[in-house]
Amino acid sequence: MKSILRILLATITIAAAARVSFNLNIADQIVPITGQTLAVLVSAMLLPRWEALIAIVSYLALGAFGQPVFADGEYGMDKLTGSGAGYLWGFLLATFSVSTTRGYKDSRSLLSIMHGNVLGTAIILFVGFAVLAFHIGTQSAFSLGVTPYWTGAVAKILLGTLVVFGIRKSVK
């Protein structure tokens with residue numbers, strides 16, 4: 001029962017975090033920043049691997065089948081197949097990688113937690129970039145799909161590190 005509740009809570013948290021968004025103006029370009037990457041990586045660091053993966057699959061399924069859980073209330077199968085789909089699929093690969101390499105039990109040190117967040121963020125951006133590059137070419141994909149997001153990525157890495165560290169410290 002605890003496992004089901006953790007999966008449900010993680011799925012709801014990711015969906016809610018996708019609604020938390022703001023725009024940064026970086027080099028005269030508006031860059032939307034959402035909380036879903038933060039929630040995905042925090043879940044990957046805190047939950048056992050299979051619980052974290054089930055939460056991500058549940059989140060993706062909810063969005064694919066019509067629930068407005070993706071960033072900006074988006075939904076639909078086209079979000080998992082279009083040019084921006086790599087970022088969503090990157091959540092799954094990042095969750096697997098982070099929860100496997102860091103393990104939910106050993107993610108107590110600040111450095112270990114930060115490493116997991118950096119790894120997960122890099123995977124999400126790389127998978128997003130790769131799919132986007134398939135649609136628009138590598139140079140455009142890098143300048144539109146990676147470069148503008150680094151400021152927000154660094155902020156989410158730091159915030160995620162502190163959140164996981166705080167939770168791990170309080171739940172010994």
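Values computed for the structure shown
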| read-out | value |
| --- | --- |
| Integer Hz, Karplus 6.51/-1.76/1.60 couplings in order for the range 39-48, x for Gly and Pro | 5, 4, 6, 5, 4, 5, 7, 9, 9, x |
| Highest-MSF residue in the chain out of Thr147, Thr11, Thr121 [GNM, Cα springs under 10 Å] | Thr147 |
| Within a Gaussian network of the chain (alpha carbon springs, distance under 10 Å), most fluctuating of Gly160, Gly82, Gly145 | Gly82 |
| Residues whose placed amide H lies under 5 Å from that of Leu24, excluding near-sequence neighbours | Val31, Ile33 |
| Whole-Hz ³J(HN,Hα) from phi, Karplus 6.51 cos²θ - 1.76 cosθ + 1.60, for the range 75-82, glycine and proline x | 6, x, 4, 4, 5, 9, 10, x |
| Dipole of the chain, positive direction: furthest Cα of Asn23, Leu132, Leu38, with charges on the beta-carbon | Leu38 |
| Translational diffusion coefficient (Stokes-Einstein; Kirkwood radius from C-alpha pairs) of the chain at 25 °C, 0.890 mPa s, in µm²/s | 153 µm²/s |
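Bear in mind these aren't lab numbers, they're just calculated from the coordinates by the rules spelled out. All values reported here derive from a predicted model rather than from experimental measurement. Please note: Cβ atoms are built from the backbone with ideal geometry, for glycine as well, and neighbour counts cover all protein chains shown.
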